[in-house]
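*Asks:* One structure is given below, represented as structure tokens, and several questions about it will come after.
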Amino acid sequence: MRRSEFERAVADEFGARGGPVLNDLVLTSLGDLTASEAIHAGMPPKDIWLALCIEMDVAPERRYGAGRLEPRRR
């Protein structure tokens with residue numbers, strides 16, 4: 001997962017709550033860092049996304065492939 005995909009996934013899943021989720025929610029599975037702190041520490045976006053999904057109880061079918069753009073139609 002690229003960082004742009006991570007940002008799209010957060011926006012799609014959490015909408016206006018995305019900012020507070022990234023900045024305020026402490027993720028114990030990531031060493032008690034927020035998602036923003038984990039990004040700045042260089043952790044892989046996919047690991048951060050999955051930690052957010054677990055903590056926020058995101059349905060499994062919305063966890064994988066989130067943030068990817070739909071393929072262009074020709």
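*Asks:* Taking into account only those residues within segment 1-55 that are farther than 13 Å from Ala66 by Cβ and among the basic types (Lys, Arg), which is farthest from the chain's Cα centre (by Cα)? Explain how you work it out, then say what you get.
*Replies:* Quick first cut of segment 1-55, residues farther than 13 Å from Ala66 by Cβ only: 3, 15-17, 19-44, 47, 51, 54-55.
Next, only the ones that are among the basic types (Lys, Arg) stay: 3, 17.
On the way: Arg3: 9, Arg17: 12 Å.
My answer is Arg17.
*Asks:* Would you call Glu13 touching a Lys or Arg at 6+ places or on another chain (Cβ under 9 Å) and modelled with pLDDT of 90 or more?
*Replies:* yes
*Asks:* Exactly one of these conditions fails for Ala59: (1) modelled with pLDDT of 95 or more; (2) in contact with a Cys (Cβ under 9 Å, 6 or more places away or on another chain); (3) of a type in the set (A, V, I, L, M, F, W, C). Give me its number.
*Replies:* Here Ala59 meets the rest and fails (1).
*Asks:* When only residues in segment 34-68 that are crowded, with 16+ Cβ neighbours inside 10 Å and of a type in the set (Asp, Glu) count, which is farthest from Asp12 (Cα to Cα)?
*Replies:* Here the residue is Glu37.
The values are calculated or read from the model by the stated rules, or taken from the named source; none is laboratory data. Keep in mind that this is a model prediction, so the values were computed, not measured. Reconstructed Cβ throughout: ideal geometry from the backbone, glycine too, with neighbour counts over all protein chains shown.
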